[in-house]
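Structure first, then comments.
What follows draws every value from the coordinates through simple rules; no lab data is involved. Keep in mind it's a predicted model, so treat the numbers as computed, not measured. Backbone-built Cβ (ideal geometry, glycine too); neighbour counts: all protein chains shown.
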Amino acid sequence: MTGPGEPAGSGALRRTSPRIVLVHTATFRQARQLVPIAIPALAGIGLGGGRWTVVALVVVITLVSLATAALSWWRFSYLDGPGAVVVTRGLVSRSTRTVPNDRIRGVEVEAPPMHRLLGLVRVRIDAAAGGAGSAGRASATDDEVLIDGVPREEGDRLRTAVLTKRNRLPAVGPDTPDPGPGTAPAPEEPEEEFARFDNRWLLYAPLVGGYLAVPLAGLGVLSRIVDELPDGLLPDVDGESVNTPGFALAAAVLGLVLLAVGAVIGAAVVNWRFRLVRRGGSLIAVRGLLTRRHTELEIDRIRGVAVADGAGMRLVGAARVNGLVTGLGDAQRRGQLLPLGPRALAEALGRRLVEDPGPLVLHPAAARRRRIARAVTGGLLVTAAGAVLTVTEGWWPLLLAGVVLTVLGVPLGLGRYASLGHATGPRSFALRVGWLVRERAVLERRAVVGWEVRQSWFQRRAGLASVVACVGAGRGGYIALDMAADDVAGFAVAASEPWAEQLVPARRTAGGTETNRSRSEE
């Protein structure tokens, strides 16, 4: 099946399942783009109220949604050819996006609830930034191709075919016929399980800020709804019985219980039956209760791992693991290798993927003094303001609050200092930073494409410097705070390649901060 503007000689183009029209109609996916035009138009027409007006609007909106969904399906086609994935779409403005197989970084097969009901999936193909065009992308980024609405069998075949062709570039010409959709996929390689989610780990969820965000938002919405209800619908809770400390304590405990339960439910919905397995040269993560996701990452693209734990998670010995994969879009979610679990298991998983460089080296005593000074600065300012108010106005509570904040700043500074560290090994290096959320990143030497050295005026006086490892994976940069300035060059050379010796002495900028950058010629 070919059409105008479609590439010739690349095999038969395929369409998604027509059942996806029902999904897009029900969710108003294409019709939502017409809302900015429809609202001013309806306001100008000045429709009257009444039951039939509402019915007419519902019918018209549904028909528009059906029509736009059907047209979008009719004009969408895709092809996983021997050398590239091609996606063609558009009705008036026809566009074709071609992503070479060697730019593909990973594939995710996703099945939201309505898709599962109709036996469909959507396939996301991550491509290295800079791919051609914008057709087929699921968001505003240019590093993702979305094929929405193929049967489960076709999704699995497409995932296997794309990853197989990516791993072995074909030695065939452009006119080589592409196997049809009925072609049986190659036998899958045996699996090696790396991790499996234990439901007992859901008890860690109330200690993770991300899982608390949803129930907090729900409580906020519920409180707004209660405020808008008429007084006659609300129970009479006035009186002395609700103004006692016991009632306030009971309400606070109930709120905390609801937050904890909401966090556990949220974690269960996202991570239900999570499994991480190795199949051939890929890592495959499967998870989700309502929306089932199947994410496949190429092991050769993993440049490191990051083991993170919040302050609450450290109390119970829990952590999570993210893979640092080159060219991966939405890396925080798709690179997740262990969403939640015991710290020992998280560290063992990290060692299976990247060689551990050994124990971390503590930073010098000047770094400890600097962390403490920064932590108590706020308390000292509040104390000074409180002292002035105490002398002039006789109001001492602010002075007491400042003293308390200053005293608490000392253990906070010590904790932040204890979280600092770095290490180097034969093939990898490690950096650790953070206190509220502490992260230990272990990176391969080959991941580094540049170094950035930062040194403020205060750091110069203390003989310290901060160095950032610039990598093409994860966040793109990982920092070692307040290292001894004399150790920066040696660390950079030990953690990357000899080109790091090109680091030059820092020069002061107009803002008083010194910044030097050394990059490889790769």
**OP:** Report the full-extension gain for the segment residue 200 to residue 315: residue separation times 0.36 nm, less the Cα-Cα distance, to one decimal in nm.
**Re:** 39.8 nm
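If neighbour count is taken as other Cβ atoms inside 10 Å, put 496, 17 in order from fewest to most. Can you show the working numbers first?
Working: 496 26, 17 19.
Placing the least packed residue first, the sequence is 17, 496.
Can you give me the Rg/Rh ratio for the range 278-366, using Cα atoms for both radii and the Kirkwood formula for Rh? Provide the component values of the computation, followed by the final result.
Numbers: Rg = 14.7 Å, Rh = 14.4 Å.
Answer for the range 278-366: 1.02.
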Original post:
Mind checking the log10 I(q)/I(0) for the range 365-519 at q = 0.13 Å⁻¹? Debye, one equal scatterer per Cα, no solvent, two decimals.
Top reply: -0.68
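I need 313, 114 ordered by Cβ neighbour count within 10 Å, fewest first.
So the ranking, lowest neighbour count to highest, is 114, 313.
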**OP:** Rank the residues 302, 372, 147 as a footprinting-exposure proxy: fewest other Cβ atoms within 10 Å of their Cβ go first.
**Re:** 372, 302, 147
Subject >> Hydrodynamic radius (Kirkwood) for the range 381-442, which is based on Cα pairs only, to one decimal in Å >> reply: 14.2 Å
